[in-house]
Amino acid sequence: MTAYLQSLSTVLRVYGVDKPVAVVDLDRLDANCSLAVQAADEGLDYRLVAKSLPCLPLLDHIRRQIPTSGLMIFSEPMLQVLLQVEGETDHLIGKPLPVTSAARVLCACPDAAARVQWLIDSPERLQEYLNLAAERQFVLRLSLEVDIGLHRGGFRPDQIASIAQEIESNPFARLSGVMGYEAHLAKLPGLLRKRAIRACSGNFSHAVSQLPNDAHGLCLNTGGSLTFQSYSSGGTATEIAFGSVLVKPGDFDHTTTQNFQPAAYIATPILKTMPGNSLPGLDFLPRQKTNLAIFGGYYQAAPIFPERFGYSSVFGRSTNQEVWTGPRSASVAPGDIALLRPNQSEAVLNQFGIVLAVRGGKVVEEWDVLPN
């Protein structure tokens, strides 16, 4: 790994990186895409989570390798952009948006009524969306968020029948499906996890059983980057969603993803190197450490290169020029490129404006990112 990171750092310095930037290794990404296709049941539909891969060329690159049913979207700004540039994509909203956001989207893009599945999590929000649909004379596609065990909101499974009936009887609404998220499953210890898996499966199946017409033609979405491998077409779900696992940030290190490789990084120039740097206020004490200062900082990420450097407990975190501490013997100089591994990809890969795509030891593309 050290040789790989040294090579990547050198490639980026030669390319001329002089400010913080996100980087994606396409060779590793492609290998991860192949693994995902092998691990996922081919009888299910696959939906990419756009917030985890917030760059349209990146999404396009992945979709050339993984057939998808559409995207899962979590913000109005990202939805607005994607509706303008993607005429055929189905967009499933991944969290309930305030009805005012939906109103702005429909004003800017009236055909969003046919292209978006709006997520509804409560009777109150349902009424707000039905009122909006009647006011604008649109037929809205509504998907129901079901609490299958995460307990982060949504309908109880035993509420689905009455809510679905209310939607089906309204001339300005159409039921598009249900979504049951279970991000907690991969994080629970063994015995609790087994119990929770059974509970989630039962709750999701119960919710689906309450849908009209045997749920025929509806989008029955569940799963995520740490759990998508658990579902099969013989079960209740019709589609799974994943995104982060394809670039594997640190929060997605798990036994279920051990064969996937980290493929996303933050790269930033080293501004200063200070071998033997004295501690503030303790200038009289000799010190066998090297400090370096990077461009920017306080990223949702962990230092991984130069080797054996980490955040300074003395200087603390900083968004300006963050100080790292490492061995006195380190061979590092201003202008070298430091690398960090993001903890997550959402709200990180798109925070610098562009993503550098690297393949075969070269920067091959500069990609614009999507808004959060």
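The values are calculated or read from the model by the stated rules, or taken from the named source; none is laboratory data. This is a predicted model, so every value here is computed, not measured. Glycine also receives a Cβ, built like all others from the backbone with ideal geometry; neighbour counts cover every protein chain displayed. Ligands, DNA and RNA are stripped out before the accessible areas are found, and what is left, the full protein with its side chains, is counted by its heavy atoms. Shrake-Rupley method; radii C 1.70, N 1.55, O 1.52, S 1.80 Å.
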(request) Could you figure out which of (1) touching a Cys at 6+ places or on another chain (Cβ under 9 Å); (2) open to solvent by 10 Å² or more (accessible area, probe 1.4 Å); (3) closer than 27 Å to residue 199 by Cβ; (4) not acidic (Asp, Glu) isn't true of residue 148? (result) (2)
(request) Any residue in the range 187-201 that's aliphatic (A, V, I, L, M): show its pairings with residues that are surrounded by 11 or more Cβ atoms within 10 Å (Cβ to Cβ) and not in a helix (DSSP H, G or I) at Cβ separation under 6 Å, as long as the two are six or more apart or on different chains. (result) 196/149; 196/188; 199/149
(message) Tell me yes or no: at least one residue of the range 50-63 is acidic (Asp, Glu), open to solvent by 10 Å² or more (accessible area, probe 1.4 Å) and assigned to a loop (DSSP other than H, G, I, E, B).
(response) no
(request) Check 238, 273, 257 and return the single one that is closer than 30 Å to residue 160 by Cβ and in contact with a Leu (Cβ under 7 Å, 6 or more places away or on another chain). (result) 238
(request) Name every residue in the range 84-113 that is modelled with pLDDT of 95 or more and small (Gly, Ala, Ser), in order of residue number. (result) 94, 101, 102, 103, 108, 112, 113
(request) Check whether at least one residue in the range 162-180 is closer than 22 Å to residue 79 by Cβ and free of Cβ contacts under 8 Å to residues at least 40 places away in the same chain, and report yes or no. (result) yes
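If you go through the range 129-143 one residue at a time, how many are without any contact (Cβ under 8 Å) to a residue 40 or more places away in the chain and buried (at least 18 other Cβ atoms within 10 Å of the Cβ)?
Residues meeting the conditions: 5.
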(request) For the range 75-89, name all the residues that are in contact (Cβ under 8 Å) with a residue 40 or more places away in the chain and of a type outside the set (S, T, N, Q). (result) 77, 78, 81, 82
(message) Filter the range 31-47 down to the residues that are open to solvent by less than 30 Å² (accessible area, probe 1.4 Å) and either of a type outside the set (Gly, Ala, Ser) or touching a Leu at 6+ places or on another chain (Cβ under 8 Å) (or both) and list them by number.
(response) 32, 33, 36, 44, 46, 47
(request) Starting from residues that are open to solvent by less than 50 Å² (accessible area, probe 1.4 Å) and small (Gly, Ala, Ser), keep the ones in the range 200-234 and report whichever is farthest from residue 47 (Cα to Cα). (result) 202
(request) Check the range 298-316 and report whether any residue there is farther than 19 Å from residue 29 by Cβ, of a type in the set (Gly, Ala, Ser), crowded, with 20+ Cβ neighbours inside 10 Å and out of contact with any Lys or Arg (no Cβ under 7 Å at 6 or more places or on another chain). (result) yes
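A quick yes/no check of all residues on (1) touching a residue at least 24 places away in the same chain (Cβ under 8 Å); (2) of a type in the set (Lys, Arg); (3) open to solvent by 40 Å² or more (accessible area, probe 1.4 Å); (4) in contact with a helix residue (DSSP H, G or I) (Cβ under 9 Å, 6 or more places away or on another chain):
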{"site": "322", "(1), (2), (3), (4)": "yes, no, no, no"}
{"site": "326", "(1), (2), (3), (4)": "yes, no, no, no"}
{"site": "330", "(1), (2), (3), (4)": "yes, no, no, no"}
{"site": "335", "(1), (2), (3), (4)": "yes, no, no, yes"}
{"site": "345", "(1), (2), (3), (4)": "yes, no, no, yes"}
{"site": "356", "(1), (2), (3), (4)": "yes, no, no, yes"}
{"site": "362", "(1), (2), (3), (4)": "yes, yes, yes, yes"}
(request) Read through the list (1) more than 15 Å from the chain's Cα centre (by Cα); (2) open to solvent by less than 40 Å² (accessible area, probe 1.4 Å); (3) within 27 Å of residue 339 (Cβ to Cβ); (4) of a type in the set (Val, Ile, Thr), then give the number of the only condition that residue 89 fails. (result) (3)
(request) Report those strands (runs of 3 or more DSSP E) wholly inside the range 225-319 carrying at least 1 residues which are closer than 30 Å to residue 211 by Cα. (result) 239-242
(request) Taking the residues in the range 253-297 that are of a type in the set (Val, Ile, Thr) and in contact with a Pro (Cβ under 9 Å, 6 or more places away or on another chain) as candidates, determine which candidate is surrounded by the fewest Cβ atoms within 10 Å (Cβ to Cβ). (result) 273
(request) Kindly indicate which of 93, 73, 62 is aliphatic (A, V, I, L, M) and more than 22 Å from residue 144 (Cβ to Cβ). (result) 62
